[in-house]
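Trainee: First, the structure itself, so that you have it in front of you.
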Amino acid sequence: MKAIIPAAGVGTRFLPVTKAQPKEMLPVVDRPAIQYVVEEALAAAASEVIIVSNDDKPSIVEHFSPAPELERYLADRGKNELAAAVTHAGSLPVSFVPQPEPLGLGHAVLCAAEKIGQEPPEPFFVLLGDVLVPDNKILPRMKEVSAAHGGASVIAVFRVPLSEVSRFGVIDGELVAGNEEDGSGVWRINALVEKPPAPEAPSALAIFGRYLLTPKVMELLAKTAPGAGGEIQLTDALVALLEHEELYAIEINVADGFDTGTIETWLDTTIRLALRNPQLAKVVKAAADTEN
Ligand code: UTP
């Protein structure tokens, strides 16, 4: 199964940091955010990783290209661990398609349609380039649920406080496996509602940035008109999908996902992941003590 990583958004919420570089290139502890996402797709045995990028911000392409001179420079100075890290980033098997204009997440996915190919039509993953799942727990479960339901599309959802549902796409569905209490639920989706006011929200299960989609979604995206914000929305194509195919959702543990799309979420992600490293945890705690 191929994986598409959209990474061509404007990054408005992170300006001016994202004026000249994509937010997906922001460092998260020891790697740019998007490298975690590529590694997650490869850990789920993606046969190809396709990054949708913005030609005006070429640093993602550069990051995943070999850098023999830098490798030699580091090796000559005995910095073998760093040389290995540079070699690793430059040898990850990724390819690129440009999104000529940031016309929305759905449009970014559609830009990769030719790379996904039609013969034979195959399902594919979509992993948002600014959302990290460092423990790689979600895609394998999505594959299992898809297989259990005849190869249907599966999306990941997470439980948000009701007061926050109006910021997300929310599902309406029936529990078909697992249970709600321990967060292991699998839902057959009846409807998707974009940013509902809290009293009208059909649930508190919000769409998270991981999708396993059938080729029908690509076909529907090609017919999807611009929606909210004048952008081609992936959610609109999923709403259209419900008229043709079943769509499932798995509930994920909110602690398994790390958003990096805003200053607040990037900071939270960076601190939480730094705390997993004993050496860096000391730095975080010492910094907090110094400021208190
Ligand atoms: P976001 O909505 O988080 O990214 O899209 P954005 O549009 O860059 O953010 P703001 O709202 O301006 O701050 C989720 C993912 O989809 C990609 C983004 O790069 C991000 O990884 N995306 C979004 C595209 O590739 N193209 C688009 O047109 C829109």
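Trainee: Among the candidates A108, A89, A85, which residue alone is touching a strand residue (DSSP E or B) at 6+ places or on another chain (Cβ under 8 Å) and either within 28 Å of A274 (Cβ to Cβ) or in a loop (DSSP other than H, G, I, E, B) (or both)?
Mentor: So the residue among A108, A89, A85 that is touching a strand residue (DSSP E or B) at 6+ places or on another chain (Cβ under 8 Å) and either within 28 Å of A274 (Cβ to Cβ) or in a loop (DSSP other than H, G, I, E, B) (or both) is A89.
Trainee: In the stretch 220-277, what residues are in a helix (DSSP H, G or I), over 22 Å from Q35 (Cβ atoms), away from the ligand (no atom under 16 Å from the Cβ) and modelled with pLDDT of 95 or more?
Mentor: Selection gives L220, V239, A240, L241.
Trainee: Tell me yes or no: at least one residue of the stretch 71-90 is over 29 Å from V254 (Cβ atoms), within 16 Å of the ligand (Cβ to nearest atom), exposed (fewer than 14 other Cβ atoms within 10 Å of the Cβ) and of a type in the set (G, A, S).
Mentor: No, every residue in the stretch 71-90 fails to be over 29 Å from V254 (Cβ atoms), within 16 Å of the ligand (Cβ to nearest atom), exposed (fewer than 14 other Cβ atoms within 10 Å of the Cβ) and of a type in the set (G, A, S).
Trainee: Just give me the residues in the stretch 169-221 being of a type in the set (S, T, Y) and out of contact with any helix residue (DSSP H, G or I) (no Cβ under 9 Å at 6 or more places or on another chain), in sequence order.
Mentor: If the condition is that a residue be of a type in the set (S, T, Y) and out of contact with any helix residue (DSSP H, G or I) (no Cβ under 9 Å at 6 or more places or on another chain), then S184 is the only one that fits.
Trainee: Please list, ordered by first then second residue, the pairs with beta carbon atoms under 9 Å, 6 or more apart or interchain, first in the stretch 2-15 and more than 23 Å from I50 (Cβ to Cβ), second aromatic (F, W, Y) and more than 6 Å from the ligand (Cβ to nearest atom).
Mentor: Within 9 Å, the pairs are F14/W266.
Trainee: Take the residues of the stretch 112-155 that are surrounded by fewer than 22 Cβ atoms within 10 Å (Cβ to Cβ) and polar (S, T, N, Q): which is modelled with the lowest pLDDT?
Mentor: The qualifying residue modelled with the lowest pLDDT is Q118.
Trainee: Identify all residues within the stretch 178-190 that are surrounded by 13 or more Cβ atoms within 10 Å (Cβ to Cβ) and either modelled with pLDDT of 90 or more or of a type in the set (S, T, Y) (or both); write none if there are none.
Mentor: Listed by number, the residues that qualify are G178, S184, G185, V186, W187, R188, I189.
Trainee: Could I ask something else about it? Taking only the stretch 1-16 into account, find how many residues are more than 6 Å from the ligand (Cβ to nearest atom), surrounded by fewer than 24 Cβ atoms within 10 Å (Cβ to Cβ) and under 20 Å from A112 (Cβ atoms).
Mentor: The qualifying residues number 2.
The values are calculated or read from the model by the stated rules, or taken from the named source; none is laboratory data. Because the structure is a prediction, the values reported are computed rather than measured. Backbone-built Cβ (ideal geometry, glycine too); neighbour counts: all protein chains shown.
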